[in-house]
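Enquirer: If you scroll down you'll find the structure; I have some questions about it.
The values are calculated or read from the model by the stated rules, or taken from the named source; none is laboratory data. These numbers were taken from a predicted model, which means no experiment stands behind them. Cβ coordinates were reconstructed from backbone atoms using ideal geometry, including for glycine residues, and neighbour counts include every protein chain displayed.
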Amino acid sequence: MFGAICSRAVRVLIIDDDMDHAESLGYLLKADGHRVETASNPLYALSLVRQFAPEVIFIDIGLPYMDGHKAGEKLRSSFKGARIYAITGKVGRGDAPEVERGRLRRPPRQARRL
């Protein structure tokens with residue numbers, strides 16, 4: 001899945017309050033040989049990023065405590081080494097503009113960098 005984009009194993013952090021989604025994506029990435037950590041909220045993710053030093057971060061837009069945009073900004077300012085991608089489970093009729101601005105549907109088919 002991710003192997004077409006990345007020729008080597010990378011450290012991936014998945015931030016999603018729906019752990020079924022996070023673990024499913026993590027399973028696919030681990031099957032490609034990547035090291036994966038998951039966080040169910042952005043506050044935990046901010047502490048985890050310092051220890052894990054991810055190279056790629058997938059972040060859900062609709063997170064509790066802090067939305068994915070703000071969390072992404074904090075992650076980018078505190079840890080500049082990772083590529084950050086937004087994901088969302090919202091793909092209803094009224095959500096098309098959000099998807100066009102770079103948010104992804106599950107399962108991810110195309111990634112745009114935040």
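Here's the yes/no breakdown for (1) among the acidic types (Asp, Glu); (2) surrounded by 15 or more Cβ atoms within 10 Å (Cβ to Cβ); (3) modelled with pLDDT of 80 or more:
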position: ASP32; (1), (2), (3): yes, yes, yes
position: PHE79; (1), (2), (3): no, yes, no
position: ALA82; (1), (2), (3): no, yes, yes
position: GLY94; (1), (2), (3): no, no, no
position: GLU100; (1), (2), (3): yes, no, no
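One line per residue, one yes/no per condition, for (1) in a strand (DSSP E or B); (2) at pLDDT 90 or above; (3) of a type in the set (D, E, K, R):
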site	(1), (2), (3)
GLY26	no, yes, no
LEU29	no, yes, no
GLU37	yes, yes, yes
LEU46	no, no, no
PHE58	yes, yes, no
TYR65	no, no, no
GLU73	no, no, yes
PRO107	no, no, no
GLN110	no, no, no
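Enquirer: Report yes if some residue within the stretch 55-64 is farther than 13 Å from ALA86 by Cα and either hydrophobic (A, V, I, L, M, F, W, C) or surrounded by fewer than 16 Cβ atoms within 10 Å (Cβ to Cβ) (or both); otherwise report no.
Expert: Yes - at least one qualifying residue is present in the stretch 55-64.
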